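Read the figures in this text as sums done on the coordinates, not as results from a lab. What you are looking at is a predicted structure, and each value in this text was computed from that prediction instead of being measured. Cβ sites come from the backbone with ideal geometry, for glycine too, and all protein chains shown count toward neighbours.
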Amino acid sequence: MPRYKLIYFNARGRGEVARMLFAEAGVDYEDERIERSEWPVLKSKMPYGQLPVLEVDGVQIAQSTAIFRYLAREFGYAGKTSIDQALADMFVCSCDDLVKPLIDIYRCKDEKTKEEMKQNFLDETAPLYLSKFEEALVLNNGYLVGDSLTWADLVLISTMPWVEKMVPPETLAPFPKIKDHKVRIESLPKIASWIEKRPKTDM
């Protein structure tokens, strides 16, 4: 078994899907949590100057999606067939597309532009992607892909807290399967055990 070390900040953020994959697979790893005060010194030692970074027997892998996909393949959560793997990738990309406007809104300094971006997100972006997730969950009896857990499910439940901060309950109401999905995945015994014991952080 390789020696794994996940390097990320003391937050869930872009590291949490990897942690859940380790938990669900029952694979030991070192969960190295970096304090913000340490980051300026460590930044130059990381590929691309970003976190998370996964070390596999000392080899550094950067970019969160690359890390998640690698672990999903290694642990059997990438999808059972080539088509399922492609569909899982598709939903992961869709989650990224859903979150990106939220980051842009957060960073926008012009209040008028920010309000316009928020409204566009609520009127167009969120309903488009949420409806696709909802359809897949209905089709696959509670999973995004196939008949079992994939990394796409973990990415979606990690994405939804960001969406819920922006989207009012009435906008989420037409998508009950997404809410049910998050509760069910987080109730899986190994995932639930990890959630119970993980460090308590805001995000």
Dipole size in debye (nearest 20) for region 82-187 around its Cα centre, Lys and Arg Cβ +1, Asp and Glu Cβ -1? 280
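Can you sort Arg33, Arg14 by how many other beta carbons sit within 10 Å, fewest first?
Numbers: Arg33 14, Arg14 18.
The most exposed by this proxy come first: Arg33, Arg14.
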Once phi is turned into ³J(HN,Hα) by the Karplus curve 6.51 cos²θ - 1.76 cosθ + 1.60 with θ = phi - 60°, what whole-Hz value does each residue of region 146-159 show in order, with x for glycine and proline? x, 10, 7, 4, 10, 4, 4, 4, 5, 5, 5, 5, 7, 7
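Which of the residue pairs Lys132/Lys165; Lys165/Lys190; Lys132/Lys179 have a Cα-Cα distance greater than 18 Å in the structure shown?
On the way: Lys132/Lys165 20 Å; Lys165/Lys190 27 Å; Lys132/Lys179 14 Å.
Going by Cα-Cα distance, Lys132/Lys165; Lys165/Lys190 fall outside the 18 Å limit.
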Have a look at Val92, Pro199, Ser187 and report the one farthest towards the positive end of the charge dipole of the chain, computed about the Cα centre with Cβ charges (Lys/Arg +1, Asp/Glu -1). Pro199
Any idea which of Phe9, Tyr106, Ser82 is furthest toward the positive side of the dipole for the chain, if Lys and Arg beta-carbons carry +1 and Asp and Glu beta-carbons -1? Phe9
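What number in nm² do you get for region 26-144 if you take the convex hull of its Cα atoms and divide its surface by four? Don't skip to the end; give the middle numbers.
Numbers: hull surface 41.9 nm².
Result: 10.5 nm².
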Write down the Å³ per residue value for the convex hull defined by the alpha carbon atoms of the chain. 132
What net charge do the residues around Thr125 carry, taking every other residue with its C-beta under 14 Å from that of Thr125, with Lys and Arg at +1 and Asp and Glu at -1? -3
Please give me the summed charge of the neighbours of Gln50: other residues whose Cβ is under 12 Å from its Cβ, Lys and Arg +1, Asp and Glu -1. +3
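Is it possible to state the helix-based mean residue ellipticity at 222 nm for the chain, with each DSSP H run of 4+ residues giving -39500 (n - 2.57), the sum divided by total residues, to the nearest 500 deg cm²/dmol? What is it?
On the way: 10 runs with 116 residues, N = 203.
Estimated from H runs of four or more residues: -17500 deg cm²/dmol.
Note down the net charge around Pro168, summing +1 for each Lys or Arg and -1 for each Asp or Glu among other residues with Cβ under 15 Å from its Cβ.
Numbers: positive: Lys118, Lys165, Lys179; negative: Glu115, Asp123, Glu164, Glu170.
Here the count lands on -1.
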Can you tell me which aspartates and glutamates have their Cα less than 17 Å from the Cα of Lys112? Leave out same-chain residues fewer than eight positions away. Asp104, Asp123
What are the radius of gyration and Dmax of region 82-187, computed over its Cα atoms and given in Å? 14.2, 45
Taking only the alpha carbons of region 125-203, what extent do you get along each of the three principal axes, in Å, biggest first? 34, 30, 16
Of the candidates Trp162, Leu137, Phe175, the farthest towards the positive dipole end of region 134-191 (Lys/Arg Cβ +1, Asp/Glu Cβ -1, centred on the Cα centre) is Trp162
